[in-house]
1. Take the residues of region 130-163 that are part of a helix (DSSP H, G or I), under 17 Å from Lys81 (Cβ atoms) and touching a helix residue (DSSP H, G or I) at 6+ places or on another chain (Cβ under 9 Å): which is modelled with the lowest pLDDT?
2. Please indicate, with yes or no, whether at least one residue in region 61-69 is in contact (Cβ under 8 Å) with a residue 24 or more places away in the chain and loosely packed, with under 15 Cβ neighbours inside 10 Å.
3. Please give the number of the condition Lys81 fails out of (1) at pLDDT below 95; (2) assigned to a helix (DSSP H, G or I); (3) charged (D, E, K, R).
Amino acid sequence: MEKGTKSNVTGNQLEVAVKTVLTGKGFQLVNYRVWEKHKKKFGEELLLENVPFTTIYGHRGNTEFLLLSKKYQLQMRIECKWQQVAGSVDEKLPYLYLNAIEAMPETSILILIDGVGWKAGALNWLKDAVSQQKYTTQTNRNKEIRIFSLVEFFTWANQTFVR
């Protein structure tokens, strides 16, 4: 299997894990565009997938998920990034971070990031940027960005969504 194909498969496995955990917690999985057209058909505990936004470049972008919960008072965008082998995904982390603080409309954003192929310093840069609110302005300072590994995501979901 070629590197790009392998990355897509393992990245999709990360998304499958999110779907499995959150549907197991009672969230209904719905494609965003279907939900947008037929909102009244669906409940209030939703995991929307393939969620659009306008990037910092003014182009159309998509995020893996948007978690909507009336019960837990949540509207959280979820980005999934997996890096199993050395590659270029880690070079996209500043772009991801700037989109999170500047372009994504939600104030709560979860970046699920895992794998062992990240360049030295890449994850530390992202965690540092988030913890110190680097590159923020007065208009985006109210963003809550969380960075979780897959294990940390499981723990957070189990502690947050008690049935």
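1. Looking at residues that are part of a helix (DSSP H, G or I), under 17 Å from Lys81 (Cβ atoms) and touching a helix residue (DSSP H, G or I) at 6+ places or on another chain (Cβ under 9 Å), I get Val130.
2. No - not one qualifying residue is present in region 61-69.
3. Lys81 satisfies every listed condition except (2).
The values are calculated or read from the model by the stated rules, or taken from the named source; none is laboratory data. Keep in mind that what you see is a predicted model, and the values were worked out from it rather than measured. Heads up, the Cβs are rebuilt from the backbone with ideal geometry, glycines too, and the neighbour counts pull from every protein chain shown.
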